[in-house]
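Here is the structure we will look at, set down as structure tokens.
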Amino acid sequence: VAPSDPKQRAHGLWVLHRLDALDDELVARLSEDESPFVRVHLVKSLAERTDWEAGGLSVPELVRGRLFDTDGFVRRAAADALGRHPHSDNVPLLLRLWNETEREDTYLIHTVRMALRDQLARDDVFREHAHFRDADRTRRLLDVLLGQRSAQSAEFVFTALKTDRYDPKRVGEFIHFATRYAAPDLLEDVTDYV
């Protein structure tokens, strides 16, 4: 039998995925495929699974591992997949990926930002990770939380304004956000601050 090429393997894995026949052994093998094209399509197919805990293979761990793949397209697919499956363990890894990504790779950074936003939309994840540790982390969280229109995001943004851990050039944007989405009991504090 002649060896398959990457396009055949990628198309084949989608057929097996649609038939619900992409088993753990094959997933593990394809995750290490020499072709980034195959790894991208594997991660995209895993993103479509509704239950990442089914079977013996740890799909979340496999996808988290692809965040640091040698190929940028695979990293982007992994960040997108994690965005669809929020979990507390994803946050530090997404922050690390954002920190390690070249500024010129705006598409990957944008995908990571959206994935982080979607993690923090879950209350339990927000409570665990939306706190002030260092200035860089706080700036990144602020940037992401502006995309999440909620009272808890507004409170985080307003609290950040009382620290030195934000970009002063964006103070107007932060005040506008806090004023617009803050819970009624916080509005007076925001007004006093302004």
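A short reminder: the numbers here are calculations on the coordinates, not readings from a lab. Treat the numbers as computed from the prediction; the structure is a model and nothing was measured. Every residue, glycine as well, gets a Cβ built from its backbone with ideal geometry; the counts of neighbours run over all protein chains shown.
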Calculated from DSSP helices alone, with each H run of at least 4 adding -39500 (n - 2.57) and the total divided by the residues of the chain, [θ]222 nm to the nearest 500 comes to -20000 deg cm²/dmol
On alpha-carbon atoms, Rg over Rh for the chain using Kirkwood Rh? 1.08
Which of the GluC sites (Glu not before Pro) found in region 97-194 are loop residues per DSSP with 15 or fewer other Cβ atoms within 10 Å of their Cβ? GLU102, GLU104
Largest first and rounded to whole Å, the semi-axes √(5λ) derived from the alpha carbon gyration tensor of region 115-194 read 18, 15, 11
